[in-house]
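Just so it is clear, none of the values below were taken in a lab; they were calculated from the coordinates. Since the model is a prediction, treat every value here as computed from it, not as a measurement. Because the Cβ atoms are built from the backbone with ideal geometry, glycine has one as well, and the counts that use them run over all protein chains shown.
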Amino acid sequence: MIGRIFSVFLTSYAESCRLEDRYRRITTRLGWVTVALSCLGFITFMYYSRLMLGIPLEGGSMEGMRLKMLAWIILIILFAPFAFFAGMVLVNGVFGFVMFLLGKFSWQQVIDFSLRARYPDKWYRQST
């Protein structure tokens, strides 16, 4: 499984290296905005899920709360991929929709870019 995840990252890196420089800069900036937005959502989820489970936010005795703490950790682990996927869909979706309104993306390209992070063919360097 780790090898499969690693290969996805290598494939993504290889794809980004094939992009023209201006598009690679755009996707890098979009990636940073995605990470920032996803981390903000993730931290918010951590805070509210801790409140929901009744785990004290400040110091204090954790006596009798081991099961709640374990449940909170499991929730955090399960939510992490969804937070970052949602951030990617939101940031890439807004960018793709703006590009659609400007007439630079088709509707299918907006869907591919926002849900699958696939770049339009014209963004790649032309092999000559």
The answer for ARG118, listing residues at least 5 apart or on another chain whose modeled amide H is closer than 5 Å to its amide H, is PHE113
From the coordinates shown, Rg and Dmax of the Cα atoms in Å corresponds to which of (1) 14.3, 40; (2) 33.6, 110; (3) 19.4, 68 = (3)
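Compute, for the chain, the length of the dipole vector about the Cα centre, with Cβ point charges of +1 (Lys, Arg) and -1 (Asp, Glu) only. Units Debye, rounded to 20.
320
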In what sequence do TYR48, TYR23 fall when counting other Cβ within 10 Å, fewest first?
-> TYR48, TYR23
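What is the chain's relative contact order, in percent, from Cα pairs under 8 angstrom and six or more apart in sequence?
Once normalised by length, the contact order is 27 percent.
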How much net charge surrounds TRP107 when only other residues with a Cβ under 15 Å from its Cβ are counted (Lys, Arg +1; Asp, Glu -1)?
-> +2
Once every DSSP H run of n ≥ 4 in the chain is given -39500 (n - 2.57) and the sum is divided by its residues, what mean residue ellipticity at 222 nm do you get, rounded to the nearest 500 deg cm²/dmol?
-> -26000 deg cm²/dmol
Long-range amide H partners of PHE105 with built H, under 5 Å = PHE100
³J(HN,Hα), Karplus 6.51/-1.76/1.60, whole Hz, each residue of the stretch 32-44, x for Gly, Pro = 5, 5, 4, 4, 5, 5, 5, 5, 4, x, 5, 5, 4
Residue-wise HN-Hα coupling along the stretch 88-103, computed from phi with Karplus coefficients 6.51, -1.76, 1.60 (Hz; x: Gly, Pro) = 5, 5, 5, 5, 5, x, 5, 4, x, 5, 5, 5, 5, 5, 7, x
For the stretch 24-98, what relative contact order do you get, as a whole percent, if you take Cα pairs closer than 8 Å and at least 6 residues apart?
-> 49
